[in-house]
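Below is one structure, written out as structure tokens; the observations come after it.
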Amino acid sequence: MTLPLWLQIVALVVPAVVAVFSALWATRSARRAQQAEHEAARLRALEDRVAQKTYEMYQPFLQAMGDILTPHRSAAALKKFEDVMADFQTFVIVWGSDEAIEKFFRYRLAANSSPPVSITMRLMAEFLLAVRKDIAWPNTRVSAFHTIAMRINDLPEHPELAEAMSMPLADLCRREGWEAPFDTSEGSLDRTSL
């Protein structure tokens, strides 16, 4: 028994149509995968460039701060710190994270109003922690205290510094009798007032 001619033609054409459709679909899918791969590579390159720029921005500032805190380097470092600070302030606005900008803003604003040492240390430590998060460790478990405590040679003789790092900033300002020129509440970056 032979099949009718039209059924034989359909039996031959359907697999050919399916094969052509499959080839077109595979080509289209391969093109999409290649485009996605190119886009991922472009994003990786962009992230690398931003990371490099961020590092280049922070490096001179961090080096200058480290030199200031090193006794035999501090005199020379203080002389060049003003230039380093000017450059840093220009670039942190572009390359710094929101948190780093807020912490630096608080540190700079406070520096103009002669804060007590414990508050200066606290604000610098918070800024250093924000830098750490910004450059390499966004999920760090290190505290602000850890970022500055290793620089204090006689830390055991100053337990008030550890307390100053852990208490709410508003409470620390009250304890020290210093009025902050900025909002001391948490999340103040969202507020429009200082």
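Check A16, A45 and return the single one that is assigned to a helix (DSSP H, G or I), of a type outside the set (D, E) and surrounded by 10 or more Cβ atoms within 10 Å (Cβ to Cβ). None of the others qualify; the one that does is A45.
Reported count of residues in the range 66-107, each being charged (D, E, K, R), open to solvent by 50 Å² or more (accessible area, probe 1.4 Å) and more than 12 Å from F127 (Cα to Cα), is 6.
Just one of the listed residues (P168, P159, P138) is open to solvent by 60 Å² or more (accessible area, probe 1.4 Å), over 27 Å from the mean Cα position of the chain (by Cα) and not small (G, A, S), and it is P159.
Out of all the residues in the range 113-133, which are over 11 Å from the mean Cα position of the chain (by Cα), of a type in the set (G, A, S) and open to solvent by less than 30 Å² (accessible area, probe 1.4 Å)? Of everything in the range 113-133, those that are over 11 Å from the mean Cα position of the chain (by Cα), of a type in the set (G, A, S) and open to solvent by less than 30 Å² (accessible area, probe 1.4 Å) turn out to be S118, A125. The criterion of being modelled with pLDDT of 90 or more and surrounded by 16 or more Cβ atoms within 10 Å (Cβ to Cβ) holds for A110.
Number of residues in the range 145-156 that are under 22 Å from P60 (Cβ atoms), crowded, with 17+ Cβ neighbours inside 10 Å and not polar (S, T, N, Q): the value is 1. Report yes if A51 is open to solvent by less than 30 Å² (accessible area, probe 1.4 Å), in a helix (DSSP H, G or I) and not basic (K, R), otherwise no. Criteria not met by A51. Tell me, yes or no, whether the range 46-60 has at least one residue that is over 16 Å from I135 (Cβ atoms) and of a type in the set (K, R). No: zero hits. Within the range 70-86, not a single residue is touching a residue at least 60 places away in the same chain (Cβ under 8 Å) and closer than 25 Å to A180 by Cα.
The values are calculated or read from the model by the stated rules, or taken from the named source; none is laboratory data. Everything numeric here is computed off the predicted structure, so don't read it as measured data. A quick note on method: Cβ atoms are made from the backbone with ideal geometry, for glycine too, and the neighbour counts reach across all protein chains shown. Protein only, heavy atoms only, side chains kept; ligands, DNA and RNA dropped before computing areas. Shrake-Rupley method; radii C 1.70, N 1.55, O 1.52, S 1.80 Å.
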